[in-house]
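This report concerns only the one structure given below.
The values are calculated or read from the model by the stated rules, or taken from the named source; none is laboratory data. Since the structure is predicted, the reported quantities are computational estimates derived from the model, not experimental observations. Neighbour counts run over all protein chains shown; Cβ positions are idealised from the backbone, glycine included. Just the protein is used for accessible areas: all its heavy atoms, side chains included, with ligands, DNA and RNA removed. Shrake-Rupley method; radii C 1.70, N 1.55, O 1.52, S 1.80 Å.
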Amino acid sequence: MRRPLAIALLCATALVATSCAPPSGEPVKRKIMVIGIDGMEWDVMGPLLEEGRLPTFARVMSEGTWGELRSLDVLESPVIWTSIATGKLPEKHGIMGFAKKPSAGGQPVPVTSNVRRVEAIWDILGSEGWSVGIVGWLATWPAEPVNGYLVTDYFNYGWAPRQDGKEERLTFPPGLAADIENLRVLEDEVTDERASVLINGAVPEDEVLRKRFNSLKMCIATDETSRSVALRLADQMPVDFYAVYLKGVDGVCHLYWVDMMPESGPPISDEEVEMFGDVIARYYEEMDDVLAGFIEMADENTTVVLTSDHGHSGPKPTGDDYRWGIAMHDPTGVLAFWGKDIAEGQQLADASVLDITPTILALCGMPVAEDMDGSVLTEAIDPDFLRSHPVRTIDTYEPERESVNVDGREPIESPIDDEVRERLRALGYIE
Ligand SMILES: [Zn+2]
């Protein structure tokens, strides 16, 4: 008899105090905003934070919870971003790399959404009645139906949508692509003047420098597209769960790391170091601005998740040569939570990319699935919220599926595959 009485007294006290609602099994309506920045690295951010060059990141860190983010064994971005969105390891979600060679032979085909065989966080929340909006997330083309809108990663390439968009499936709903096409910035539309903001000095005339300068435009184009699409849609079609993916930081780290740290790679000219040495820092400053734009949209009911998929480092020496591409990805990335019901000034001890979906579910008052490989980062959540909404679990969110052999799924070819492969080659991801 003692325990029920004690609990009854505790509840009565809690109700009188009203600061602490009784434990609830109900979902919590809030806005979730996920901002994904590919390849963001604490070692780059550290000195910039110290110099006061990243005021928005600094604000998110001081008012929220942040820390190192453990990535997967496989440091290929579509694999990791799919683990972030599903809470599951690659062998469960099915996305195993940037591209896959068709079993019939031929060039590798960039990985596509049909290869993913488990529910993403936006599917789970959407089926529970949350409205969702996703912009640019890797491996989301062709667009699958969601309870809201989805702009695929292929929208940022030079593929002109037709009016009804059904064939291209660049977006869901299919007609959305034509409505937002005017926001798309292609690489050759980025002016020299715009790109020169990121370098020291005037636009180079020397052929080698000029070629390296032009590579900046690939990064600028894709992020300007995602940023303006994301901000426009957030304004015109507000949703409960919102996720945007930004690719450019990874690109500039691959292309200009040796200029920032000349001792990390093969010898380069003094002109290159002088001209491109500050590109990465300036790009991070631009990301701080982008983050500020999203933070401005957050109301008092919004929780923000800021995440990368892996960190970055220089090329890896292998005797007389260097390994570039994926070898430059570091297994430790960046994670921060900010806003409603987030603990203030806390640090994450051992966060994994697999923990992000379970943590979002907990913040939404939804059960975490036992078949997910991550767990809830409780240290990031306000203790009052956790007391009133203890973490619950269910077996799975996966619907009963027909017994088809999903392991043999092949990526779908598209008219922009050459363009996608060219960008993957430019960063050293495929040969
Ligand atoms: Zn990445």
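Rank ILE280, ILE199, ILE268 by mean-square fluctuation in a GNM of the chain with C-alpha springs under 10 angstrom and give only the top-ranked residue.
Among ILE280, ILE199, ILE268, the largest GNM mean-square fluctuation belongs to ILE268.
Give a quick list of trypsin sites (Lys or Arg not before Pro) in the stretch 133-211 that DSSP marks as loop, anything other than H, G, I, E or B, with at most 12 other Cβ atoms within 10 Å.
LYS166
Counting other Cβ atoms within 10 Å, which trypsin sites (Lys or Arg not before Pro) in the stretch 323-431 have at most 11 and lie in a DSSP loop?
Qualifying residues, ordered by number: ARG401.
Enter the accessible area per residue of the chain (Å², integer; probe 1.4 Å; all protein chains in place).
With the other protein chains kept in place, the chain gives 44 Å² per residue.
Along Cα→Cβ, 7 Å out, is where each label goes; now give me the distance between the ones at GLU207 and MET261 in nm to one decimal.
Here the answer is 3.2 nm between the modelled labels.
Compute, for the stretch 182-248, the length of the dipole vector about the Cα centre, with Cβ point charges of +1 (Lys, Arg) and -1 (Asp, Glu) only. Units Debye, rounded to 20.
Result for the stretch 182-248 is approximately 160 debye, rounded to the nearest 20.
Return the carbon/sulfur percentage of the accessible area of the stretch 181-281, one whole number, probe 1.4 Å, all protein chains in place.
50
How large a share of the accessible area of the stretch 286-431, in percent, is made up of carbon and sulfur atoms when the probe is 1.4 Å and the other protein chains stay in place?
Result for the stretch 286-431: 44 percent of the exposed heavy-atom area is carbon or sulfur.
Could you tell me what percent of the DSSP beta bridges with both partners in the stretch 110-249 are antiparallel, to the nearest 5?
If we restrict to bridges inside the stretch 110-249, about 20 percent are antiparallel.
For labels at ASP289 and ASN182 in the simple 7 Å Cα→Cβ model, what's the distance in nm?
With each label placed 7 Å out from Cα toward Cβ, I get 2.3 nm.
Sorted by average packing, counted as other Cβ atoms within 10 angstrom per residue and highest first, what order do 237-243, 393-399, 99-105, 369-375 take?
So the order, starting with the most tightly packed, is 237-243, 369-375, 393-399, 99-105.
Hey, if you put +1 on the Cβ of every Lys and Arg and -1 on every Asp and Glu Cβ in the chain, which of VAL273, VAL28, THR359 ends up farthest toward the positive end of that dipole?
VAL28
Using a simple charge model, +1 on the beta-carbon of Lys and Arg, -1 on the beta-carbon of Asp and Glu, nothing else, what dipole does the stretch 28-72 show about its Cα centre, in debye to the nearest 20?
480
Find out how many positive minus negative residues lie around GLY333, taking Lys and Arg as positive, Asp and Glu as negative, among other residues whose Cβ is under 10 Å from that of GLY333.
Around GLY333, the charge tally is -4.
Under 14 Å from the Cβ of ALA177, count the other residues' Cβ atoms, weight Lys and Arg +1, Asp and Glu -1, and hand me the total.
Overall, the nearby charge balance is -1.
Using the Cα centre of the chain as the reference point, and only Cβ charges (+1 on K/R, -1 on D/E), how large is the resulting charge dipole? Debye, rounded to the nearest 20.
1480
Taking K and R as +1 and D and E as -1, what net charge do the other residues with C-beta under 13 Å from the C-beta of ASP355 add up to?
Residues near ASP355 contribute -2 overall.
Enumerate by residue number the GluC sites (Glu not before Pro) in the stretch 175-212 meeting two conditions: DSSP loop (anything except H, G, I, E, B), and at most 13 other Cβ atoms within 10 Å of the site's Cβ.
Passing sites in the stretch 175-212 are GLU205.
Please give the contour-minus-distance gain from LEU89 to ALA298: 0.36 nm per residue of separation, less the Cα-Cα distance, rounded to one decimal in nm.
72.2 nm
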